[in-house]
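See below for the structure under consideration.
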């Protein structure tokens, strides 16, 4: 509902990105693995709407001109505190796809911090990976890998001919329906919060496992929003060397989540490009986000953030950390502003050239 209200406010101002005028599919196909404001806005919306049902996510991306089929799967195991949801959106002509991971529910701050406050696990030879992230990776991999294989072969990712949304489908077969117009040319991976961590880890798997070697050439970008650190120094260095140039991490204001896990958990490091919110939208940052000292401190700041939002007299106080800034709609808002300003700049540049 938090995103719905924001979108309604945006609609009253006029379409932020011109609806189908975004030419989202064209930009995704033409993009040479560089940062793109249009794609960043679209993926911020996808990450935010991944918290809704798959039909809503499908419809929102359709409204941007990305006509798609959506395969969604949710796996949970209360015994190991693991719950993972992912959606793969394939353009109807087969040429592009978005792999989107859902994060921890934004209202559940305690659960969100718990996701980052666990013992490290290991990802093959890549050394330590955050345990809360790793537990969500293994069960999901085989489901998504099969659907990506279909896309790479120019086949529909859903099971029934003419079907647009498939939820928690049974075991994946190798072929389905009529061949599509194109094989997969451009894959984008995204997620918010823990979903961003899973997106970064999914990219690591693609660039690590030989069985996914064919997919590497079509990965055009990994865009994450409010993503926590996911691995130690060795893991981060390896990811940086293999696909770090494709990872764009967005951090809104003093969002607490990218500052976790705390040092007490281990020497977890960030990698890829970092973008911070500003009056001009997203700007690249040379300095990585600092780290929160302890989870209890973060929880205390959550309470202060809640108070600040509701008491006008203390709204001017500055906080060093805030998980209130982690809300998905804040990332959508900055991405929208960044796109609008970029379009204005391009319009001015074209005007000068014509003049």
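Summary table
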quantity	calculated
Gyration tensor verdict on the stretch 211-277 (Cα atoms; rounded if a/c is under 1.5, prolate if a/b is larger than b/c, oblate otherwise)	oblate
Peptides ranked, highest mean first, by Cβ atoms within 10 Å: ranges 225-233, 28-36	225-233, 28-36
Sorted by Cβ density within 10 Å, fewest first, the residues 245, 343	245, 343
Fewest-first ranking of 181, 286, using other Cβ atoms within 10 Å as the exposure measure	286, 181
Cβ-based exposure ranking for 332, 283, in which fewest neighbours within 10 Å come first	283, 332
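Every number here is computed from the coordinates shown, using simple stated rules; none is lab data. Quick caveat: nothing in here was measured; it's all calculated off a predicted structure. Glycine also receives a Cβ, built like all others from the backbone with ideal geometry; neighbour counts cover every protein chain displayed.
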